[in-house]
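Throughout, read-outs are computed from the coordinates displayed, never taken from laboratory work. As the structure is a computational prediction, the values presented were derived from the model and not from experiment. Counting neighbours? That spans all protein chains shown, and the Cβs are built from the backbone with ideal geometry, glycine included.
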Amino acid sequence: MSSGARPVVVAYDGSAESQAAVRAAAGLFASRRLVIACVWEPGLAMAVASAADPTGGIGYVPPTGEAMAAVDRAQKDHAVEVAEEGVRLARELGATAEAYPVADELDVARTVAELAVSLGAGAIVVGSRGLGAVKSKLLGSTSAALVHQASTPVLVVRAPH
């Protein structure tokens, strides 16, 4: 690997589609360092707790700060494990790779796009679930959002069926 080669960010969540993205990145960018990014959501416990109050606040005891911190730690630990899984896959394919769990401050696509800029990445590789137009509108599409938001070139990979 040349020392001047820009890294490639691979968005990885452990799904078959993200595994296909790692395989494609390892094959297409063999001389580049792969940064296996797994996004986690800090504050998820608070968001869920706020939405889960069925009583409208009457008699509801919100989770403690300690409990919310424990959920955040668990989310981060899971992101570390998933990113390391992606690194193992990349290394099995002969790539140089590093895990990069990253906190989601806005949304997954914007977080990955900003990570790519901060690392000076030459490309972003992301898997696509192929949800179709209606499901993508309802559920969101990280790959489509990356294509529209990222200033870094984006390669969208479909998993083989």
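So here's what we get for this one:
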quantity	calculated
Overall form of the stretch 75-122 per C-alpha gyration tensor (a/c, 1.5; a/b vs b/c)	oblate
Amide H contacts under 5 Å for A123, placed H, 5+ residues apart	V9
Distance (nanometres) between label positions extended 7 Å along Cα→Cβ at R6 and V80	3.1 nm
Built amide H within the under 5 Å cut-off of V157, gap 5+	V126, G127, S128
5 angstrom amide H check on T96, placed H, neighbours 5+ away	L34
Residue-count net charge about V71 - beta-carbon cut-off 13 Å; Lys, Arg +1, Asp, Glu -1	-2
In Hz, Karplus ³J(HN,Hα) per residue of the stretch 99-104 (6.51, -1.76, 1.60; θ = phi - 60°; x = Gly, Pro)	7, 9, x, 9, 6, 8
